[in-house]
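J.: Mind having a look at this structure? Questions to follow.
The numbers here are math on the coordinates, done by the rules we state, and not lab data. The shown structure was predicted, so the numbers you read here are calculated from the model rather than taken from an experiment. FYI the Cβ positions are ideal-geometry reconstructions off the backbone, even for glycines, and counts take in every protein chain you see.
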Amino acid sequence: MWVYEKKLQYPVRVSKCDPRMAKLLLEQYGGADGELAAALRYLNQRYSIPDKVIGLLTDIGTEEFAHLEMIATMVYKLTKDATPQQLDAAGLGPHYVAHDSALFYSNAAGVPWTAAYIQAKGDPIADLYEDIAAEEKARATYQWLIDMTDDVDLQDGLKFLREREIVHSLRFREAVEILKEEREVRKVF
Amino acid sequence: MGNEFEAQSLPEEGVPPEFRAGCHPAGRSQERIHVPYRSPCDPCPPLPFKTYVVPPNQFIVFQPPNWPQYPPEQALRCGTLWPALHSPYRPRRGREGEAT
Ligand SMILES: [Fe+2]
């Protein structure tokens with residue numbers, strides 16, 4: 001189970017009215033390397049991964065939901081006061097006809113999220129390498145998102161999220177090292 | 001509080017010798033064992049352990065030159081020129097009585 005805190009992991013400020021940016025941010029909402037995919041990937045893989053790294057997948061998977069909330073907040077702020085005409089001009093006309101201004105799990109091109117984006121291979125090394133790759137792809141996506149806006153407040157939130165991907169990647173690589181250990185070996189730090 | 005990286009104590013009975021270090025050319029087994037958490041309320045009898053493979057590529061950052069090579073014909077069959085990169089796989093089928 002989870003305990004919910006009614007606050008964001010990091011404050012989200014958006015200072016520029018730019019619905020176009022909402023469309024682009026959807027890549028990290030319902031995209032292949034987005035936060036939803038990350039959370040669902042890790043929280044599902046953890047059942048069959050060796051006990052030593054279950055806790056790590058639980059912690060990071062949980063944090064990804066906190067990131068998802070931050071992206072949702074950004075998208076919401078950028079779309080809640082937009083007229084249908086403004087949404088259409090931002091490329092969100094197809095989104096509007098399906099969802100009004102509701103958020104939905106699709107990527108920046110409007111493709112709905114699919115479980116085909118994620119995998120649980122059962123092989124711990126293969127699963128952790130997918131996780132490492134996902135973190136690096138998310139880091140790159142945040143870089144390109146930062147490049148697409150000149151709103152320094154929005155950039156600030158995106159830079160925080162980008163940094164978390166870097167930390168998560170290292171934690172997953174540490175998990176690989178733990179699983180490489182032989183069972184008889186005692187590692188001393 | 002124990003070291004979190006300390007190996008779990010495993011049921012020694014029923015652990016086949018292939019799982020112990022030494023069967024790999026580099027002197028370490030490529031198979032690892034873990035024992036998933038056992039609940040007193042599990043509906044089915046527990047498997048003794050589960051295995052996974054850590055292939056030798058995991059220990060090589062960048063392959064140095066001049067490593068020992070298989071004879072050419074054996075290399076063709078093995079899929080690699082270098083014994084240090086060879087990863088045998090024991091199919092799970094036929095490992096009856098053993099957990100996978
Ligand atoms: Fe992440």
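J.: Could you size up the charge dipole of the range A:19-184 around its Cα centre, putting +1 on the beta carbon of Lys and Arg and -1 on that of Asp and Glu, and report it in debye to the nearest 20?
T.: That gives a dipole near 300 debye.
J.: Given the C-alpha centroids of the range A:2-32 and the range A:124-179, what is the distance between them in whole angstrom?
T.: Taking the Cα centre of each part, the range A:2-32 and the range A:124-179 sit 16 Å apart.
J.: Please report, to two decimal places, log10 I(q)/I(0) for the range A:101-164 at q = 0.12, 0.16, 0.23 Å⁻¹ as given by the Debye formula with identical point scatterers on the Cα atoms and no solvent.
T.: -0.43, -0.73, -1.08
J.: Calculate log10 I(q)/I(0) of chain A for q = 0.10, 0.14, 0.17, 0.18 Å⁻¹, where I(q) comes from the Debye formula with a single equal point scatterer on each Cα and nothing for solvent.
T.: With no solvent term, the Cα-only Debye profile gives -0.43, -0.78, -1.06, -1.16.
J.: OK, next. Using the alpha carbon gyration tensor of the range A:1-109, what are the three equivalent-ellipsoid semi-axes (square root of 5 times each eigenvalue), largest first, in whole Å?
T.: Numbers: eigenvalues 190, 44, 19 Å².
The answer is 31, 15, 10 Å, longest axis first.
J.: Among A:95, A:67, which comes first, second and so on when ranked by fewest other beta-carbon atoms within 10 Å?
T.: A:95, A:67
J.: Going by C-beta contacts inside 10 Å, put B:92, A:41 in order with the fewest on the left.
T.: In order of increasing Cβ crowding within 10 Å: B:92, A:41.
J.: If we count other beta carbons within 10 Å of each Cβ, what is the order of A:156, A:127, A:147, fewest first?
T.: A:147, A:156, A:127
J.: So, one more: Counting partner chain Cβ atoms within 10 Å of every residue's Cβ in B:48-59, what's the average? The partial results should precede the final answer.
T.: On the way: counts 0, 1, 4, 0, 9, 4, 7, 1, 0, 1, 6, 1.
For this peptide, the per-residue mean of nearby foreign Cβ atoms is 3.
J.: Could you pull out the pairs from A:23/A:80; A:7/A:137; A:80/A:137; A:137/B:50; A:23/A:77 whose alpha carbons sit more than 24 Å apart here?
T.: A:7/A:137; A:80/A:137; A:137/B:50
J.: Now for a different question. Between the range A:69-98 and the range B:27-84, how many Å separate their Cα centres?
T.: Taking the Cα centre of each part, the range A:69-98 and the range B:27-84 sit 50 Å apart.
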